[in-house]
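Below is one structure; the comments refer to it alone.
The values are calculated or read from the model by the stated rules, or taken from the named source; none is laboratory data. Model, not experiment: these values are computed from the prediction. All Cβ positions, even for glycine, are placed from backbone atoms using ideal geometry, and neighbour counts span all protein chains on display. To get the accessible areas, we keep the full protein, side chains included, count just its heavy atoms, and leave off ligands, DNA and RNA. Shrake-Rupley method; radii C 1.70, N 1.55, O 1.52, S 1.80 Å.
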Amino acid sequence: MSLVEISSAALYLAFVAYLLGTIFFGGAVKSASKEKSAYNKRWGFYGITITVIGFIANLVYFITRWIAAGHAPVSNLFEFTAAFGMMIVGAFILIYSMYRIAALGLFALPVAVIIIGYASMFPTDVSPLIPALQSHWLTIHVITAALGEAILAISAVAGLIWLLKNIDMTKKSKQRFWIEAVMYVLVVTIGFIVSTTVFSLTYEPVQYSYVNAEGNESVIEYKKPALFGMNESQAITEGAMEPLVNVPALVNGNKLTTVVWSVIFGTILYGLMRLVFRRRLAEVVQPFTKRTNSQLLDEIGYRSILIGFPIFSLGALIFAMIWAHEAWGRFWGWDPKEVWALITFLFYAVYLHLRLTKGWQGEKSAWLALIGFIIIMFNLIVVNLIIAGLHSYA
């Protein structure tokens, strides 16, 4: 059994363990709602034990893939996103050891599961690094940035639980609309996994030629029906579907097609779930938050940002600038990923300013934590998949 096969098996084991951990934390929350403290502790113990086992398996994946590849496994979208999911679980385990809130596991683990599932939809082959990535700063910059984002993700989970607990779902309001919009976005992410799986089983890949941003002719393979074509694209495969529209060279039409198909499948899935439950998804999960302590959730969200923000700033800005100077001879170049890293930094800086000077706590703090994570996910998904730039390695 090769190291790559071992790493794949370990990642699969971690994925299954996180699913089981979610179930046990759900049992802990349910038993707590019935005031069965002994059952609550037992379910919580099983949940965190299985989660830790899964995290160890995740570390085995990370280490064995590192050895097999000869470099840190964070060089493409599969590796980075899988590592990001692992770090979210690691951050959760740390926070849970301090606060023992089972609801945090019930919501944090599914987020990690979705992210790891999302990662698995990208090519998983081990490949050599391109010249721009052949630097020890790859490891320092990317791992530090991912760790900071993972800790910030826990603040968003705490904020989401706070909002689900305190928003009145029986009355029409902006809060009710936007919390349901968050649930919809989560389902759309699952839609990416579903659409990729469906088309991998039913669709024969086709090739198109196009003119890239440098004005050179290139060839690209579509694994989904082409809704958007690349710049000046022409079909190479006989009988290939003509794209509905060609996009400028700045935009990756292939990946934009992937995003749109994900939205289509996710919207259908969301509609089916609404039909099954006959109520909003936020209302479905709200009962699992009723016995949480709002003040404690607010504290977790704030402290997570206090820890995650400086780590993210070091990784995504300071270390990134050092690497950029080494790789491209400049500290800053307004690449799309650089711009969105700066936007993320400024957003959390504003959050801390408002928290410390204006006393924004409770609902305002929870919404800001949630918006911050949405910005992180926008950077991970939309910027990586649609906008062409120096960071488009996947």
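Please find, within the stretch 235-273, the residue that is farthest from residue 215 (Cα to Cα) out of those that are in contact (Cβ under 8 Å) with a residue 40 or more places away in the chain and β-branched (Val, Ile, Thr).
Residue satisfying both the conditions and the ranking: 268.
What are the residues in the stretch 274-305 that are in contact (Cβ under 8 Å) with a residue 60 or more places away in the chain and within 17 Å of residue 177 (Cα to Cα), if any?
280, 281, 282, 283, 285, 286
With the requirement that a residue be in a helix (DSSP H, G or I), surrounded by fewer than 17 Cβ atoms within 10 Å (Cβ to Cβ) and of a type outside the set (A, V, I, L, M), what does the stretch 185-209 give you?
Selection gives 197, 200, 202.
Looking at residue 79, is it of a type in the set (Asp, Glu), in the same structural domain as residue 342 (by TED's automatic domain parsing) and open to solvent by less than 10 Å² (accessible area, probe 1.4 Å)?
Numbers: of a type in the set (Asp, Glu): yes; in the same structural domain as residue 342 (by TED's automatic domain parsing): yes; open to solvent by less than 10 Å² (accessible area, probe 1.4 Å): yes.
Yes: the conditions hold for residue 79.
So if I check each of 60, 4, which one is open to solvent by less than 80 Å² (accessible area, probe 1.4 Å), among the β-branched types (Val, Ile, Thr) and at pLDDT below 85? Outline the logic, then answer.
On the way: 60 fails: at pLDDT below 85.
After ruling out the rest, the residue left standing is 4.
Return the residues of the stretch 150-174 that are in a helix (DSSP H, G or I), open to solvent by 20 Å² or more (accessible area, probe 1.4 Å) and either small (Gly, Ala, Ser) or within 30 Å of residue 325 (Cα to Cα) (or both); say none if nothing qualifies.
151, the sole residue that qualifies.
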